[in-house]
Amino acid sequence: MLFAITGLQRCTVEGIDGRVGTVKDFLFDDQSWKVRWMVVDTGHWLPGRQILIHPAAIVPLERAVFGLNRGGIPESGTF
């Protein structure tokens with residue numbers, strides 16, 4: 001499944017012990033198009049630095065937040 005990852009840019013990245021930074025970019029394998037690294041801007045924690053996070057270190061989200069209120073959901077399409 002393909003989807004745009006631009007919606008993940010600037011999302012907060014948290015480690016086990018607190019905030020690490022925000023998603024800056026993704027690095028892909030140019031043959032398989034698999035994500036190889038997530039680039040994280042460390043912001044005020046480590047000023048001026050960007051770090052690479054391997055996809056194996058990314059855990060599934062516990063919840064998803066989206067830009068709709070509950071009142072608008074009944075009018076949306078069904079699957």
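The values are calculated or read from the model by the stated rules, or taken from the named source; none is laboratory data. Since the model is a prediction, treat every value here as computed from it, not as a measurement. Cβ: placed from backbone, ideal geometry, glycine included. Neighbour counts: every protein chain shown.
Structure notes:
- Residue pairs whose Cβ atoms lie under 9 Å apart, separated by 6 or more positions or on different chains, with the first residue in the stretch 30-57 and in a loop (DSSP other than H, G, I, E, B) and the second aromatic (Phe, Trp, Tyr), are Lys34/Phe28; His54/Trp37.
- Flag if Thr22 is under 16 Å from Ala57 (Cα atoms), at pLDDT 90 or above and polar (S, T, N, Q): yes
- Filter result (surrounded by 12 or more Cβ atoms within 10 Å (Cβ to Cβ), in a strand (DSSP E or B) and either touching a residue at least 12 places away in the same chain (Cβ under 8 Å) or within 9 Å of the chain's Cα centre (by Cα) (or both)) within the stretch 1-29: Val13, Arg19, Val20, Gly21, Thr22, Val23, Lys24, Asp25, Phe26
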